[in-house]
Amino acid sequence: MAESFKYSGNKGHGGELHQKASDEHPTMTTAQGCPVSDDQNSLRAGKRGPGLLEDHIMREKIFHFDHERIPERVVHARGYGAHGYFETYDTLEDLTCADIFQRKGEKTPVFTRFSTVAGNKGSPDLARDVRGFAVKFYTQEGNWDLVGNNIPVFFIQDAMKFPDLVHSAKAEPDRGFPQAQTAHDNFWDFVSLSPESMHMVMWAMSDRAIPRSLRFMEGFGVHTFKFINAKGDEKYVKFHWKPKGGMQSVVWNEALKLNGADPDFHRRDMWESIGNGGYPEWELGVQVFDQQFADEFEFDVFDATKLIPEEQVPVKIVGRMVLNRVVDNFFAETEQVAFCTQNIVPGLDFTPDPLLQGRNFSYLDTQTKRLGGPNFTQIPVNAPKCPMRHFQQDGHMAMQNPKGRVNYEPNSWSAGENNPRECPAHGFKSSSEQMSGDKLRYRSDTFSDHYSQARQFYLSQTEVEQAHIQSAYVFELSKVEHVPIRERLVSHLLNIDETLANKVAEGLGLQEMPDPAEAAMPTRKDLPVSDALSILKNAPNTFKGRKLGILVSDGFDADIFESVTNALKSEGANFEIIAPQVGGAKCSKGKHFKADQVINGGPSVLYDAVLVLTTEEGAEKLAAIAEAKDFVSDAYAHMKYIGYTNEAKPLFKAAGLDGKVDNGWIDLEAHSADKFINTLRNLRFWKR
Ligand code: HDE
């Protein structure tokens with residue numbers, strides 16, 4: 001991906017040109033194609049005189065610059081996109097006539113954008129937040145946008161509440177902060193007054209909201225959709241993305257430090273993974289069920305605050321998505337990509353889920369505002385890759401206008417490429433459904449259980465994960481200034497799980513335990529634990545796609561370095577060298593290795609595990625560097641595996657780790673590199 005680099009100096013004075021067009025560099029022009037003779041100096045009256053309005057070249061340049069920004073997305077502003085393909089594993093023709101699912105092995109191009117929800121475009125990647133997971137499939141029968149999240153449920157049940165939810169989560173309007181954080185009064189005030197949000201809030205307090213990498217998280221379509229086959233048979237379907245690399249998250253303290261060390265941690269990881277050929281991959285799964293299941297299921301399948309446990313309706317894997325190409329231009333593609341939940345294709349349909357119905361208005365509306373008019377569909381990243389034939393015309397920036405005389409129908413002009421007709425046999429058909437009832441604003445009683453699945457989620461976690469949830473609530477609520485809001489939230493937790501409520505109340509130092517919140521329905525205590533909801537119960541047991549940070553100083557052991565890095569390569573894992581100087585260090589055999597990071601630029605939070613290779617003298621020197629001490633003490637505190645040799649002990653001692661050796665430490669003189677990698681496959685030493 002690296003560009004070739006050649007410095008051509010620009011002295012910028014004396015009125016000469018320093019970067020002339022040549023064989024290598026073509027002539028620069030204005031946007032109108034007029035060749036530019038001087039791009040350094042504006043036109044002026046006299047050598048030291050004022051500028052002239054006549055300077056059409058400068059005016060055009062600055063005018064264009066002034067208009068470079070478009071409105072950022074009102075939510076999901078910070079995102080990162082990549083191209084790839086979706087491969088259909090087998091035909092699903094018995095379930096759906098969607099063209100993308102008809103032929104085994106067929107590859108369909110996709111563009112996928114991941115995002116955080118609350119923060120602005122420049123906010124840090126490791127905010128505690130839901131991650132957007134939006135996929136545009138360029139199918140042969142039109143674009144299908146599956147605009148999902150990495151959490152399978154949502155905060156609210158009706159789109160009507162979306163502006164309130166988002167206002168409450170974003171920076172408070174009088175002060176303009178906090179940025180990219182829900183840890184403030186407005187958010188917790190809103191959710192504590194909206195019991196329907198309690199299930200999703202529980203997910204947001206879990207490790208799901210601080211993924212290690214965008215590559216290591218699941219994705220969900222959230223709503224129930226419909227599959228329709230060629231005979232017109234209908235089934236309900238929920239979509240799931242399962243990461244091939246397995247799930248993995250960071251710990252909160254690590255997230256906080258990562259945001260400082262590398263605010264672009266997730267996008268850089270995506271960029272690097274695609275660049276080095278470790279293409280991120282997910283499998284697409286479907287939970288398919290019929291009307292009878294929907295009628296018998298404990299909850300309403302049109303309620304987006306509920307999921308269907310995988311143990312109840314298994315996820316059938318139907319294909320895989322591989323992201324193998326970064327964008328050519330971030331603005332053109334990642335910024336201008338316009339996802340719309342309304343973009344579906346024959347063989348799929350919506351359900352009456354009131355959240356989905358509202359979304360179908362919102363996305364089209366927001367893209368028109370963001371991208372400046374109705375022709376955003378003609379921007380290459382948004383344009384379908386199948387033929388489009390219609391009589392829509394004109395408008396701002398219309399690039400594809402119909403050729404010929406016909407722009408209406410019915411018409412009596414002869415048939416041809418520019419005279420399309422509707423096609424009852426193959427065209428999109430909405431599923432037929434009987435509707436009746438009064439016109440009313442109403443929340444169905446079947447939507448009133450707000451706590452049972454929150455409880456099920458919490459109880460399905462491992463102890464480590466439960467502890468993370470407890471401390472996430474305590475952290476967030478401790479940033480809330482108004483005690484009654486804290487208490488109100490705890491009153492909901494009492495309806496979910498008493499132990500959790502007590503832990504949070506204790507962590508907050510609440511003076512008095514509130515009464516449980518009034519509940520529309522009692523919490524069900526009979527829902528079975530669902531192992532699929534836990535990250536740690538589904539640990540991937542691999543170090544593939546992960547990164548080891550190797551802290552070295554001059555004289556480091558060449559043999560251990562070589563055997564470890566070879567073992568990492570065979571695992572499909574990566575490493576970076578961190579040294580006191582970015583120029584690098586010499587190994588014990590005298591060979592010089594360039595460093596990837598200087599110590600204060602490569603803290604251990606950037607890595608999945610660490611290895612320290614130094615000499616005793618080197619370790620003494622490292623012991624005097626604050627960031628080197630942080631490197632190992634953070635790795636320890638974040639439950640990371642630490643590879644070492646005895647020479648490194650002075651550094652560990654200085655970092656306060658004397659006597660802290662546990663099974664998460666691997667002595668590379670006593671153990672082979674293979675044993676080390678085998679241990680790293682556990683990803684963290686949670687027992688610490
Ligand atoms: Fe969105 N959402 N949303 N959302 N959403 C947007 O569209 C909206 C919801 C999601 O990478 C906006 O282009 C409403 C659920 C993703 O470009 C906007 C409601 C889920 C993205 C919008 C929801 C999502 C968006 C802002 C409640 C998961 C980023 C900019 C009814 C299933 C897509 C834009 C990208 C973006 C509206 C709820 C996912 C304003 C009204 C539920 C991944 O149209």
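We did not get these values from a lab; they are worked out from the coordinates using the rules stated. Note that this is a predicted model, so its numbers are computed, not measured. Neighbour counts run over all protein chains shown; Cβ positions are idealised from the backbone, glycine included.
A few remarks follow.
- Pair-distance profile P(r), taking every C-alpha pair of region 247-368, with 5 angstrom steps and integer %: 2, 7, 10, 13, 15, 17, 17, 11, 5, 1, 0
- Among 429-442, 77-90, sorting by the average number of other beta carbon atoms lying within 10 angstrom of each residue, highest first, gives 77-90, 429-442.
- For the listed peptides 130-137, 546-553, a ranking on the average number of other beta carbons within 10 Å per residue, highest first, reads 546-553, 130-137.
- Partner aspartates and glutamates whose Cα lies under 19 Å from the Cα of residue 429, excluding those fewer than 8 positions away in the same chain, are identified as 93, 94, 99, 141, 145, 233, 234, 349, 353.
- Computed as a quarter of the hull surface, the mean projected area of the alpha carbon convex hull for region 143-208 stands at 5.6 nm².
- Projecting the Cα atoms of 522, 601, 126 onto the charge dipole of the chain (Cβ charges, centred on the Cα centre) puts 601 farthest toward the positive pole.
- Tail beyond 17 Å, pair distance distribution of region 447-537 (Cα, percent): 50 percent
- Cα gyration tensor category, rounded, prolate or oblate, for region 641-688 with a/c compared to 1.5: oblate
- Distance (nanometres) between label positions extended 7 Å along Cα→Cβ at residue 512 and residue 107: 6.7 nm
- Given R0 = 30 Å, the distance between the Cβ atoms of residue 370 and residue 62 translates into a calculated FRET efficiency of 0.80.
- Taken along the Cα-to-beta-carbon direction at a fixed 7 Å, the label points for residue 591 and residue 413 span 7.0 nm.
- When Rg and the Kirkwood radius Rh are both evaluated on Cα atoms of region 457-602, their ratio Rg/Rh stands at 1.24.
- Mean projected area of the Cα convex hull of region 38-122, taken over all directions, amounts to 11.1 nm².
- Compactness of region 123-167 is given as radius of gyration and Dmax, 14.0, 39 Å, from Cα positions.
- Compactness of region 527-576 as Cα Rg over 2.2 N^0.38 Å, two decimals: 1.73
- Of all DSSP beta bridges confined to the chain, the antiparallel ones make up roughly 75%.
- Mean-position separation - Cα centroids, region 372-409 and region 188-209, in angstrom: 42 Å
- Quotient of the Cα radius of gyration of region 541-680 and 2.2 N^0.38 Å, N being its number of residues: 0.92.
- Note, ³J(HN,Hα) from phi for region 309-324, Karplus 6.51, -1.76, 1.60, rounded to Hz, x at Gly and Pro: x, 5, 5, 8, 10, x, 8, 8, 7, 10, x, 9, 10, 10, 9, 10
- In terms of surrounding Cβ atoms within a 10 Å radius of their Cβ, 565, 614, 645 rank from fewest to most as 565, 645, 614.
- Were the residues from residue 31 through residue 167 laid out at 0.36 nm apart, the gain over their Cα-Cα distance would be 45.0 nm.
- Among 160, 200, sorting on how many other beta-carbon atoms sit within 10 Å of each Cβ, with the fewest leading, yields 160, 200.
- Computed FRET value (nearest 0.05) for residue 531 with residue 89, which takes r as the C-beta separation and R₀ as 30 Å: 0.80
- Put in order of Cβ neighbour count within 10 Å, fewest first, the listed residues 350, 543 become 350, 543.
- Per residue, the convex hull around the alpha carbon atoms of region 517-618 comes to 177 Å³.
- When +1 charges are put on Lys and Arg Cβ atoms and -1 charges on Asp and Glu Cβ atoms, the dipole computed for the chain relative to its Cα centre reaches about 1500 debye.
- Sequence-distant aspartates and glutamates (8 or more away, or on other chains) whose Cα lies within less than 16 Å of residue 537: 207, 218, 310, 311, 463, 465
- Here the chain is treated as a sphere whose radius is the Kirkwood value from Cα pairs; by Stokes-Einstein at 25 °C and 0.890 mPa s it diffuses with a coefficient of 86 µm²/s.
- Within region 383-447, all pairs of alpha-carbon atoms sorted by distance into 5 Å bins from zero give the percentages 3, 11, 16, 16, 13, 9, 6, 10, 10, 5, 2, 0.
- Average Cα contact separation per residue, the chain, under 8 Å, 6 or more apart, as relative contact order %: 12 percent
- Percent RCO, i.e. relative contact order, over region 447-537, from Cα pairs under 8 Å lying at least 6 residues apart: 50 percent
- Within straight-line cross-link reach of residue 589, aspartates and glutamates at Cα separation under 15 Å, skipping those fewer than 8 residues along the same chain: 554, 557, 559, 562
- Of the trypsin sites (Lys or Arg not before Pro) found in region 147-207, the ones in coil according to DSSP and having at most 13 other Cβ atoms within 10 Å of their Cβ are 175.
- Cα-Cα P(r), region 443-495, percent of pairs per 5 Å interval: 4, 16, 21, 22, 18, 12, 6, 0
- Expected-Rg normalisation [2.2 N^0.38 Å, Cα atoms] applied to region 317-367: 1.48
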